[in-house]
Amino acid sequence: MPTQNALEATSSGNPTLRRAVTTTGLFLFILGDVLGAGVYVLAGKIAGTAGGAVWVPLVVALLLALLTAASYAELATKYPRAGGSSHYATRAFGPFVGFLVGFCMLAAGIVSVGALALGFAGDYLAAFVTLPTVGVVVVFLALLAALNARGISESMGANAVATIIEVGGLVLIVILGIVVIARGDGDLSRLTQLGTAEHSPISAVLAGSVLAFYAYAGFETSANVAEETKDPARSYPRALFGALVVAGLVYAGVGIAASAIVPTDQLASSSAPLLEIVKAAGGIPPVLFSVIALVAVANGALLTGIMSSRLAYGMARDGLLPSALQRVLPQRRTPWVAILATTALSLLLALTGTIEVLASTMVLLLLVVFSAVNLAVLVLRRDEVSQRHFRAPVVLPVLGLLSCLLLATRVDAETWRYGLPFLAVGALLAGIAAWRRRTPA
């Protein structure tokens, strides 16, 4: 068995990432990433697509997410390395697919941080103070990068506090729903209303599940800190499945509260649907919920920034990105070059795009990643490793792959038009990376 010191040094003597993440810390990391900013804006869009029964697509999306999560649980414990999805795809299919998957994952993360930075500078902040968007975005991203570079333990500590706050806000929504229903002001008939003028009930559930699936995006980022987890074989599956189930229960409660309290048309037209619940229930100052929303946005950006930097670090270590991204602060053991590079790109996107444009490609990019990961599990079954690891029943990755293909058929044409150029650039760079690896120095 390798010693702890051996685990913290590569064969060349360079320091690697410190194993400092506990099961509880990882659970909060995943829960905080899943219960991020998305749920604060998605309830209304789901209602507009699926009808009054908002909770149904949220539950369906949870079941679909759990299928792919099983694949991540096997691969993250079998290959606990910071490269995550890219590393798995490289082992299964070679450098071309590995780079493409890593590029999609990295692009999705960087785009998400840029969108969240704009979200932080938007209407929720305007409830307190009016500041130039550019200035807020620059300061916001700089502070997140500094916290990320300081260390994984400090970032986990900030995440733990923020997760408690944002989960508390969602629990508050559930409690308000119970109170309103108990006093007879809710409309429970909306809880079974599925379908719209544009969608039949089945079509509505599928279309709504695409939006709801976005709310669960974030669990995959945890694979990139498996290398920093003390006992990944034991901790990772428990933290991953536990966090997803808890998130699903919270989301279902929020969906029920939203459906029962706010009329469907009003919910669908609101850009701050959970704030509509607070206003309808009364007794809670709406400004308080704005604070909670800001915390949720900041926490989501922090965790996604951690993922992006660790993924860039892992891809560089696999020879898929410039080697400079492997540089680690000697004392902090954090990938400082990768942090600076990913933050700079997020800043550029935030200053040149809009929330809608930046967010529209996330589901498409992640579906490409998830499809490759589910397929990689099956391919890598013949690769035996010495350490113990989680093993998913073979039917789960198969169903996970089919679920990704099903959801891809529900992605609208506008998203495909915007997402395909990203995939084309990724494929071009992947081809170059694969050629360079085959060409003798």
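A few points about this structure:
- Scanning the range 355-371 turns up at least one residue that is of a type in the set (D, E, K, R) and at pLDDT below 80.
- Screening the candidates VAL245, VAL225 for the property of being touching a strand residue (DSSP E or B) at 6+ places or on another chain (Cβ under 8 Å) and either open to solvent by 10 Å² or more (accessible area, probe 1.4 Å) or under 29 Å from PRO80 (Cα atoms) (or both) yields one hit, VAL225.
- Of all residues in the range 228-242, those satisfying the criterion of being under 19 Å from the mean Cα position of the chain (by Cα) and open to solvent by 10 Å² or more (accessible area, probe 1.4 Å) are PRO237, ARG238, PHE241, GLY242.
- Screening the range 265-353 for helices (runs of 4 or more DSSP H) wholly inside it with 1 or more residues that are among the aromatic types (Phe, Trp, Tyr) and either modelled with pLDDT of 85 or more or over 23 Å from the mean Cα position of the chain (by Cα) (or both) returns the ranges 286-317, 336-352.
- The lone exception for VAL291 - which of (1) more than 19 Å from PHE213 (Cα to Cα); (2) open to solvent by less than 10 Å² (accessible area, probe 1.4 Å) it fails: (2)
- Restricting LEU329, LEU340, LEU320, LEU358 to those that are in contact (Cβ under 8 Å) with a residue 24 or more places away in the chain and within 29 Å of ASP412 (Cα to Cα) reduces the list to LEU358.
- Extreme residue, nearest to GLY177 (Cα to Cα), among residues of the range 248-263 that are open to solvent by 30 Å² or more (accessible area, probe 1.4 Å) and assigned to a helix (DSSP H, G or I): ILE256
- In this entry, GLU198 is excluded by the filter for residues that are surrounded by 20 or more Cβ atoms within 10 Å (Cβ to Cβ) and at pLDDT below 85.
- Residue in the range 204-211 that is more than 30 Å from LEU367 (Cβ to Cβ) and surrounded by fewer than 20 Cβ atoms within 10 Å (Cβ to Cβ) present: no
- The one condition in (1) under 30 Å from ALA413 (Cβ atoms); (2) at pLDDT below 85; (3) of a type in the set (Gly, Ala, Ser) that SER259 fails to fulfil: (2)
- Of all residues in the range 357-409, those satisfying the criterion of being assigned to a loop (DSSP other than H, G, I, E, B) and under 20 Å from the mean Cα position of the chain (by Cα) are SER360, THR361.
- Pairs where the first residue, in the range 230-242, is in a helix (DSSP H, G or I) and the second is at pLDDT 90 or above and open to solvent by 20 Å² or more (accessible area, probe 1.4 Å), C-beta under 9 Å, 6+ apart: PHE241/LEU66
The values are calculated or read from the model by the stated rules, or taken from the named source; none is laboratory data. Predicted, not measured: the structure shown is a model, and the values here were computed from it. With ideal geometry, Cβ positions are generated from the backbone for all residues, glycine too; neighbour counts draw on all protein chains shown. These accessible areas exclude ligands, DNA and RNA; they are computed on the full protein's heavy atoms, side chains included. Shrake-Rupley method; radii C 1.70, N 1.55, O 1.52, S 1.80 Å.
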